[in-house]
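Asks: Let me begin by handing over the structure; questions about it come next.
The values are calculated or read from the model by the stated rules, or taken from the named source; none is laboratory data. Since the structure is predicted, the reported quantities are computational estimates derived from the model, not experimental observations. Here the Cβ positions follow ideal geometry from the backbone for every residue, glycine too, while neighbour counts run over all protein chains shown.
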Amino acid sequence: MDQEHSSTSREWDRLARGAILAFGSRLRGGTLAIRDGGSTHVLGHGGEAVHMTIHDRRTWGMVATGGGNGLGAAYMRGYWDTPDLTGLLRLLARNIDRINRLTAPLDGARQVAARLRARRPTRTADRRNIRAHYDLGNSFFELFLDPTMAYSCAIFEPGDDDLEAASRRKFDRVCDRLRLTAEDHLLEIGTGWGGLALHAAERYGCRITTTTISREQCDYSRARVAAAGLSDRVTVLDQNYRDLTGTYSKLASVEMIEAVDWRLYDEFFRCCERLLAPDGLAVLQAIVIEDRSWSAARWREDFIRRYIFPGGFLPSVRSLVDAANRASGLRLVELDDIGANYPITLRHWREALDVHRDRALALGFDEQFLRMWRFYFAYCEAGFLERRISDVHLTFAGRAWRRMPARREPSAEVSAAPLAAVAGRGPV
């Protein structure tokens with residue numbers, strides 16, 4: 001241990017250890033075996049056993065003080081390990097309501113502090129937050145993304161574990177929801193690395209205008225478009241969506257809404273309606289939490305918001321639909337839950353990053369950074385597997401839209417049931 005880890009801190013770690021072990025006896029849905037020094041503590045009841053080895057007793061104090069953030073921070077620093085990180089996080093996810101009740105007083109104080117600190121987001125803050133994640137370097141993301149460079153949920157078919165094919169299948173699903181044709185001009189809010197824009201131009205022959213506020217993504221996407229000989233059909237902008245002009249027959253935004261502050265949902269949908277033709281269609285792909293968890297989550301800083309996506313926030317289906325109804329004439333006409341595909345997608349990314357660990361280190365990323373990303377992938381994977389979170393396609397229609405042309409595959413029609421049940425029970 002570090003010399004500055006004082007006797008007071010060591011005493012806190014000891015007390016935290018006792019409290020956590022006492023609480024852990026009430027775990028349900030699985031068993032957790034914790035090896036700490038020469039002792040092994042078996043917590044929980046039934047189910048499969050997951051194992052955890054404590055290398056540094058500061059883990060206990062960090063978990064007691066920081067909850068999931070403390071657990072993740074301790075993992076990043078190598079204070080503990082497990083042969084099944086996703087399994088361990090799944091067990092904790094199954095018990096999250098019980099854990100939240102235990103930490104409610106401390107969480108309440110944090111939420112009050114968060115409300116007092118909160119400031120309305122600005123364009124400058126948007127760009128800073130996006131660049132903190134997406135401008136880590138294209139070479140880093142190439143380590144674990146498939147050749148399409150899709151950084152969003154893919155769609156797999158039974159027996160098909162090919163990530164690139166699944167990413168292209170997802171692109172087709174979005175285009176299908178849009179009823180995309182060669183006559184369309186598609187606006188994409190959130191370019192990523194250009195995968196959807198290139199796919200839509202090549203396969204459907206339409207024009208695409210796509211925008212991002214990540215400089216790395218913008219440069220990379222422009223180079224891909226030029227290399228594909230599609231500069232006459234695809235325009236890549238470095239602009240905030242709020243500053244866009246023009247009218248487009250179709251609009252798509254794939255897992256970009258998670259970077260929009262909840263206080264800006266109304267403005268987001270007003271912008272979408274302004275940019276979309278009155279008889280146009282818009283498809284949003286969004287990672288969502290359950291409606292009942294949304295209000296509290298607005299003020300909770302989880303592991304991802306603290307370490308991975310500063311300024312990020314997961315919407316709920318109802319928060320998006322309500323904002324669209326409140327601020328625009330856009331109306332939800334289809335809803336499709338694809339969340340069961342995300343654990344497979346995340347497993348591919350996590351395993352690929354592990355395989356390319358040495359290349360990542362050569363790029364200048366240290367072991368703590370890579371452990372942070374491994375925890376991030378496993379944290380999300382556990383959340384989707386336990387239905388704490390999900391991923392959806394929401395199709396919105398403009399005020400003048402009156403038709404529903406046939407398409408290649410069926411989708412769940414909008415009803416009260418999917419709106420209530422599409423997401424899980426809240427963040428891990």
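Asks: Find the helices (runs of 4 or more DSSP H) located wholly in the range 83-156 whose residues include 1 or more that are modelled with pLDDT under 85 and of a type in the set (D, E, K, R), and list them.
Replies: 96-117, 123-134
Asks: OK, next. What about Phe313, is it surrounded by 20 or more Cβ atoms within 10 Å (Cβ to Cβ), within 15 Å of the chain's Cα centre (by Cα) and closer than 22 Å to Thr65 by Cα?
Replies: So Phe313 fails the test.
Asks: A follow-up question, please. Here's a check for you: in the range 350-409, which residue that is over 15 Å from the mean Cα position of the chain (by Cα) and aromatic (Phe, Trp, Tyr) is farthest from Asp291 (Cα to Cα)?
Replies: Filtering first and then ranking leaves Phe365.
Asks: Within the group Ala259, Ala277, Ala297, which residue is in contact with a Pro (Cβ under 8 Å, 6 or more places away or on another chain), assigned by TED's automatic domain parsing to the domain that holds Asp322 and either surrounded by fewer than 16 Cβ atoms within 10 Å (Cβ to Cβ) or among the small types (Gly, Ala, Ser) (or both)?
Replies: Of Ala259, Ala277, Ala297, the one residue that is in contact with a Pro (Cβ under 8 Å, 6 or more places away or on another chain), assigned by TED's automatic domain parsing to the domain that holds Asp322 and either surrounded by fewer than 16 Cβ atoms within 10 Å (Cβ to Cβ) or among the small types (Gly, Ala, Ser) (or both) is Ala297.
Yes/no per residue for (1) farther than 30 Å from Val63 by Cα; (2) out of contact with any Phe, Trp or Tyr (no Cβ under 7 Å at 6 or more places or on another chain); (3) among the aliphatic types (A, V, I, L, M):
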| residue | (1), (2), (3) |
| --- | --- |
| Asp261 | no, no, no |
| Phe303 | no, no, no |
| Ser319 | yes, no, no |
| Ala324 | yes, no, yes |
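Asks: Could you please tell me which pairs satisfy a Cβ distance under 7 Å, a separation of 6+ or placement on different chains, a first residue in the range 258-276 that is touching a residue at least 12 places away in the same chain (Cβ under 8 Å), and a second residue that is aliphatic (A, V, I, L, M) and surrounded by fewer than 19 Cβ atoms within 10 Å (Cβ to Cβ)?
Replies: Sorted first by the residue in the range 258-276, then by its partner, the pairs are Asp266/Ala327; Phe269/Ala327; Arg270/Ala327; Leu275/Leu244.
Asks: Test Arg300 against the stated conditions and say whether it is at pLDDT below 95 and more than 15 Å from the chain's Cα centre (by Cα).
Replies: Here the answer is yes, as Arg300 does meet what is asked.
Asks: Looking for whichever is at pLDDT 95 or above and under 23 Å from Ala150 (Cβ atoms) here; the options are Ala282, Ala324. Which one fits?
Replies: From the options Ala282, Ala324, the qualifying one is Ala282.
Asks: How many of the residues making up the range 320-341 are surrounded by 18 or more Cβ atoms within 10 Å (Cβ to Cβ) and in a helix (DSSP H, G or I)?
Replies: 6
Listed here are the residues, each with its yes/no results for (1) farther than 16 Å from Ala282 by Cβ; (2) of a type outside the set (D, E, K, R).
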position: Cys175; (1), (2): no, yes
position: Gly194; (1), (2): yes, yes
position: Leu198; (1), (2): yes, yes
position: Asp243; (1), (2): yes, no
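Asks: Could you give every pair whose Cβ atoms fall below 6 Å, whose first residue belongs to the range 49-67 and is assigned by TED's automatic domain parsing to the domain that holds Leu32, and whose second residue is among the basic types (Lys, Arg), counting only separations of at least 6 or pairs across chains?
Replies: Once the first residue is assigned by TED's automatic domain parsing to the domain that holds Leu32 and sits in the range 49-67, its partners that are among the basic types (Lys, Arg) give Thr53/Arg35; Trp60/Arg17.
Asks: Residues that are in a helix (DSSP H, G or I) and in contact with a Ser or Thr (Cβ under 8 Å, 6 or more places away or on another chain): does the range 47-64 have at least one?
Replies: yes
Asks: Just checking, which of Ile189, Ile208 is within 27 Å of Tyr265 (Cα to Cα), buried (at least 18 other Cβ atoms within 10 Å of the Cβ), more than 23 Å from the chain's Cα centre (by Cα) and modelled with pLDDT of 95 or more?
Replies: Just one listed residue meets the conditions, Ile208.
Asks: I need a count of the residues in the range 241-256 that are touching a strand residue (DSSP E or B) at 6+ places or on another chain (Cβ under 8 Å) and surrounded by fewer than 20 Cβ atoms within 10 Å (Cβ to Cβ).
Replies: The qualifying residues number 4.
Asks: Hey, another quick one. Taking only pairs six or more apart or across chains, which ones have beta-carbon atoms under 7 Å, a first residue in the range 176-194 that is closer than 20 Å to Ile257 by Cα, and a second residue that is among the charged types (D, E, K, R) and crowded, with 24+ Cβ neighbours inside 10 Å?
Replies: Close Cβ pairs satisfying both conditions: Leu178/Lys250; Leu186/Lys250.
Asks: If you don't mind, another one. So Met404 ticks every box in (1) within 21 Å of Val254 (Cα to Cα); (2) in the same structural domain as Ala150 (by TED's automatic domain parsing); (3) at pLDDT below 95 but one. Which box is left unticked?
Replies: (1)
Asks: Checking Glu334 against (1) within 16 Å of Cys153 (Cβ to Cβ); (2) in contact with a strand residue (DSSP E or B) (Cβ under 9 Å, 6 or more places away or on another chain): exactly one of these is not met. Which one?
Replies: Every condition holds for Glu334 apart from (1).
Asks: Looking at the range 236-256, I want the residues that are free of Cβ contacts under 8 Å to residues at least 12 places away in the same chain and have a partner that is among the small types (Gly, Ala, Ser) and surrounded by 21 or more Cβ atoms within 10 Å (Cβ to Cβ) with Cβ atoms under 7 Å, at least 6 apart or on another chain. Which pairs are those?
Replies: Listed pairs, sorted by first residue: none to list.
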